[in-house]
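Everything on this sheet refers to the single structure shown next.
A short reminder: the numbers here are calculations on the coordinates, not readings from a lab. On a predicted model such as this, the values are computed, not experimentally measured, just so you know. Backbone-built Cβ (ideal geometry, glycine too); neighbour counts: all protein chains shown.
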Amino acid sequence: MKINDINRDMSTDREHGAEINRNNKKTILVTGGAGFIGSNLVEKLLKLGFRVIIVDNLQTGKLGNISSLLSNTKCVFFRCDLNNLDEITPVFLKNKIDYVYHYAACVGVERTLSNPVAVLADIEGIKNVLSLSAATRVQRIFYSSSSEVYGESLGFPQNEMVTPLNSRLPYAVVKNVGEVFIKTYQKVYGLNYTIFRFFNTYGPRQSGSFVVTKFIKQALKGENITIYGDGSQTRTFLYIDDNVRATAEALFNKKAKNEVINIGTNIETTIRQLAEVIIRVTGSKSKIKYLSPLEEGDMSRRLPDIRMMKEMLRVKPSINIEEGIKKTLKYLEEI
């Protein structure tokens, strides 16, 4: 289906063009909305008064993440595969969608390394969402890219103006390709965008395959906390509340239109330090066990330049790693 074909199916009185304001609540589509970051974003958007449509195929997302949100009459869920144009098209044609947060993706280092073909298939989903957004005059698309696009960087902090050319792994390449598609659609069709390059985000609803949640679960069971390599590799860990504050604020910020913005914190933590903090906070007797380094996918350092996030979006990371781990631990103990 081509953009012109979709346009012929749309009402001619489609509202478009005006930037959102805080008193004009509209409809937002969140793809991957049953996932970790997506579900927390949906919760934030509902609190702001928006009508939210969630789309997810539930391969990595969970209904449990959104079950309480669906009691809100402004929230609706469709289970469908974005990579299948026939499945996602009716969602766009039957609903008046003003903004799209495209967060759906095959994620997780182990999952993406073991199933690279599934990662590459996400390119079709990106194309489908962009084509339908352009055709139905969506006002802006917000795309979850990743720090992985920087690859093994030579310069720090990692700045949005740097053109990523060091991406080798399928996940990083697909995120990079997505950024190129989005920028191209803006030039050709006028579809505005904001690209978020997410650095490590953690907190409630994150699956156990990611490092913070994995370490917490190992600590609670008294198991060895397993680290690949010597644990000197660094990451920056942003608590989920700070992530959604920044990404929701981008809705109201005209300066964020057609920009790429790092979303993270500029405090580096080694993986070994992360494990030590988790052992201390949980009061666990776990020991750290070092495994052979991963052959690929475990970059030695991550450190974002977050000036745009702080100055443009006016959001500064507010929750430190120890406080965030305590909040995550409380959530895990309650479920």
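If you wrap the tightest convex hull around every Cα atom of the chain and split its volume per residue, you get 126 Å³.
Each residue in 41, 332 was given a count of other beta-carbon atoms within 10 angstrom of its own, and listing them fewest first yields 332, 41.
Around the amide H of residue 198, modelled in the peptide plane, lie the amide H atoms of 145, 146, 147, 263, all under 5 Å away and 5 or more residues distant in sequence or on another chain. In region 91-197, taking the dipole from charged Cβ atoms about the Cα centre, the farthest positive-side position among 157, 97, 176 is held by 97. Here the Karplus curve 6.51 cos²θ - 1.76 cosθ + 1.60, taken at θ = phi - 60°, turns the phi angles of region 220-228 into couplings of 5, 8, x, 7, 4, 8, 9, 10, 7 Hz, with x standing for Gly and Pro. In this structure, the amide hydrogen of residue 142, modeled 1.01 Å from its nitrogen in the peptide plane, lies closer than 5 angstrom to those of 100, 101, 102, 194, counting only residues at least 5 positions away or on a different chain. Rg over Rh for region 102-220 works out to 1.00, both radii taken from alpha-carbon positions and Rh defined as the Kirkwood radius. Taking 7 Å steps out from each Cα toward its Cβ at residue 332 and residue 86 produces label points 4.3 nm apart. Of 26/257; 127/187; 221/330; 44/183; 44/310; 127/316, which sit over 21 Å apart, Cα to Cα? Violating the 21 Å Cα-Cα cut-off are 44/183; 127/316. Working note: Karplus 6.51/-1.76/1.60 with θ = phi - 60° gives region 29-40 the couplings 9, 10, 7, x, x, 9, x, 4, 5, x, 5, 5 Hz, where Gly and Pro are set to x. A simple rule links phi to the HN-Hα coupling: the Karplus curve 6.51 cos²θ - 1.76 cosθ + 1.60 with θ = phi - 60°, which for region 314-323 gives 6, 10, 10, x, 10, 10, 6, 4, 5, 5 Hz, with x for Gly and Pro.
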